[in-house]
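Written out below as structure tokens is the structure these notes cover.
The values are calculated or read from the model by the stated rules, or taken from the named source; none is laboratory data. The structure displayed is predicted, hence computed values, not measured ones. Here Cβ is always computed from backbone atoms with ideal geometry, including for glycine, and neighbour counts include all displayed protein chains.
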Amino acid sequence: MLNRIATKQKLFIRGVQLGDTLCTLCGRKEETTSDILISCNISNVVWNMWYKWFGVSFVNQNDMINNFDHFSCMCCNKEGNRLWKYVWASIIWCIWKHRNSLVFNQDRINAVEILTMAQVQSWAWLKHKVNKANFSYWAWI
Ligand SMILES: [Zn+2]
């Protein structure tokens, strides 16, 4: 969120020799934090699948902080919004992990796999971080 992750753009600025600075997921724009995690075509597919799975309607904000603020206020109470923050972080984390898997393990892009990992990750984080989130994984998905 603070634009400190090692995207290709950041690595290039630090003098790391790269073949290009294009987004690892879509290959269309420069790989910036907000692009790869929020506005990239592939990330957008993941976010939209998430909204569809969860049954909510949401328009992604292209800026990380605005996206987080908007996403974490989807509920009408403090506890509900706290849950959404974990969900948001799990989606971000899984997109970034998948991106790194593409870079270091030459995996293939798989938006469904990212969604599935985000479902597992969010459930695990909610289960261990939120007292009231006492539900099974099967109830979650
Ligand atoms: Zn992209």
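Go through (1) charged (D, E, K, R); (2) under 13 Å from Ile95 (Cα atoms); (3) exposed (fewer than 14 other Cβ atoms within 10 Å of the Cβ) one by one and return the number of the condition Arg14 breaks.
For Arg14, the failing item is (2).
Quick one: Ile5 ticks every box in (1) touching a residue at least 24 places away in the same chain (Cβ under 8 Å); (2) assigned to a loop (DSSP other than H, G, I, E, B); (3) within 11 Å of the ligand (Cβ to nearest atom); (4) of a type outside the set (Gly, Ala, Ser) bar one, so which box is it?
The number of the failed condition is (3).
Do we have any residue at all in segment 75-84 that's surrounded by 16 or more Cβ atoms within 10 Å (Cβ to Cβ) and within 15 Å of the ligand (Cβ to nearest atom)?
Checked against the condition, which is being surrounded by 16 or more Cβ atoms within 10 Å (Cβ to Cβ) and within 15 Å of the ligand (Cβ to nearest atom), segment 75-84 yields no hits at all.
Looking only at segment 16-34, how many residues end up being under 19 Å from Gln106 (Cα atoms) and near the ligand (Cβ under 9 Å from one of its atoms)?
Taking segment 16-34 and keeping what is under 19 Å from Gln106 (Cα atoms), we get 17-28, 31.
Still in the list and also near the ligand (Cβ under 9 Å from one of its atoms): 22-28, 31.
Count: 8.
What are the pairs, 6+ residues apart or on separate chains, where a residue within segment 129-141 that is among the aromatic types (Phe, Trp, Tyr) has its Cβ under 8 Å from a residue that is surrounded by 10 or more Cβ atoms within 10 Å (Cβ to Cβ)?
Pairs found: Phe135/Lys127; Tyr137/Val120; Tyr137/Trp123; Trp140/Gln119; Trp140/Ser122; Trp140/Trp123; Trp140/Leu126.
Which of (1) within 16 Å of the ligand (Cβ to nearest atom); (2) farther than 18 Å from Ile95 by Cα; (3) in contact (Cβ under 8 Å) with a residue 12 or more places away in the chain is the odd one out, the single condition Val56 does not satisfy?
(1)
I'm trying to understand the selection: among the residues of segment 55-66, which are surrounded by 13 or more Cβ atoms within 10 Å (Cβ to Cβ) and either under 21 Å from Val112 (Cα atoms) or modelled with pLDDT under 75 (or both)?
Matches in segment 55-66: Phe58, Asn60.
Identify, from the list Ile92, Ile109, the residue that is under 23 Å from Asp35 (Cβ atoms) and crowded, with 17+ Cβ neighbours inside 10 Å.
Only one candidate qualifies: Ile92.
Kindly indicate which of Asp20, Asp35, Asp69 is surrounded by fewer than 14 Cβ atoms within 10 Å (Cβ to Cβ) and over 25 Å from Val130 (Cα atoms).
Values: Asp35 fails: surrounded by fewer than 14 Cβ atoms within 10 Å (Cβ to Cβ); Asp69 fails: over 25 Å from Val130 (Cα atoms).
Answer to the check: Asp20.
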